[in-house]
């Protein structure tokens, strides 16, 4: 997911027709654990994505498709993101019930006054990379010195600044930061030396591209990859955020949040065990990306979630504190930091996800994935 105002696409939110089936029954291939509950009423829920339909969000689409939300008496509408949509602001404004956002971005919004709370940390690891051709000799952030470094901006560049800071480089003087489109065209054209990429998306784009010198697809051997997670500056990314005010004052909303998180994690567990099926679900929902690209994305996203030693969605205090500390210490081009102070104690809670995991434990759902193993994926040209 990336927000980039330079990408010339329509920005409207598209509400996908993903209302869950009525609670009276389901003809999906879900297991008995997801059989629809005996619902007297169904609660409507709106979820705001960070970007357009893709396997980054497969667990939520699977929860609709497999009837997991319906089993919790929820009727979930999934709203696509877009160029000018800030999910956490949509949540703070009351336009949606829950939103997905990277932790540093959401914390910046919270510091600015948005009463939002992280209730489930779905991605346990950062998937952000900096990708370059081998001949550029970029194998660590220290090698960014004197280079043209692509980045998306709009809050997606915080890890780049953190890596520069850790390497002792001044982002305003030692490197040239270049606004990058939501693709790898600038890297492939030689306009930048290293491009920002996600393991599950843009990195696949270069491996799907054709090397004009050989007429064949590029391979991983053609590139150097710097992983911000491996460099120790990875920040927590996709999390489920809720209204802090409603969590504190509305018992029905808190109950809905628990059921929503439970069904969402059940969707992610399904995708862990059925990567191809989930890639197919995403493609069927109208993704602009090809089938092999979506399968690659599903596989890479699974690596960011599983294994989850404390249970999927649990917020690890050490990982949270690292993200918050980096956000307080990392300076941008103007010398400002993402956060001016440590987040308050109410910025996240494990209460909701703990209750959600208890529901899933009762259903026999594996929420830790200790035996998870990635699959092998072959990328086709252009991700087809």
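Some points to look at:
- Alpha-carbon centroid distance for the pair segment 104-169 / segment 203-253, whole angstrom: 10
- FRET efficiency for residue 170 and residue 342, using Cβ-Cβ distance with R0 set to 25 Å, rounded to 0.05: 0.50
- If both residues of a DSSP beta bridge must be in the chain, then about 60% of such bridges are antiparallel.
- Exposure proxy ranking, count of Cβ atoms within 10 Å, fewest first, for 159, 196, 245, 334: 334, 245, 196, 159
- Between the Cα long axis of helix 291-305 and the first principal axis of the chain there is an angle of about 80°, rounded to the nearest 10.
- 20 Å cut-off, amide nitrogen to a point 7 angstrom out along residue 211 Cα→Cβ, residues in segment 158-196: 184-195
- In degrees, nearest ten, helix 351-362 long axis to first principal axis of the chain (Cα): 60
- Taking the C-alpha atoms only, the angle from helix 317-329 to the longest principal axis of the chain is near 40 degrees.
- Residue with peak Gaussian network fluctuation, the chain [Cα springs, cutoff 10 Å], from 220, 70, 262: 220
- The residues 152, 51, when put in order of fewest to most other Cβ atoms within 10 Å, stand as 51, 152.
- Ordered by the number of other Cβ atoms lying within 10 Å of each residue's own Cβ, fewest first, 348, 203, 69 fall into the sequence 203, 348, 69.
- Dividing the helix sum by the residues of the chain, where each DSSP H run of 4 or more adds -39500 (n - 2.57), gives a mean residue ellipticity at 222 nm of -9500 deg cm²/dmol.
- Of all DSSP beta bridges in segment 128-227, antiparallel share, percent nearest 5: 70
Throughout, read-outs are computed from the coordinates displayed, never taken from laboratory work. Given the structure is predicted, the values throughout are model-derived calculations rather than measurements. No Cβ is skipped: glycine too gets one built from the backbone with ideal geometry, and neighbour counts run over all protein chains shown.
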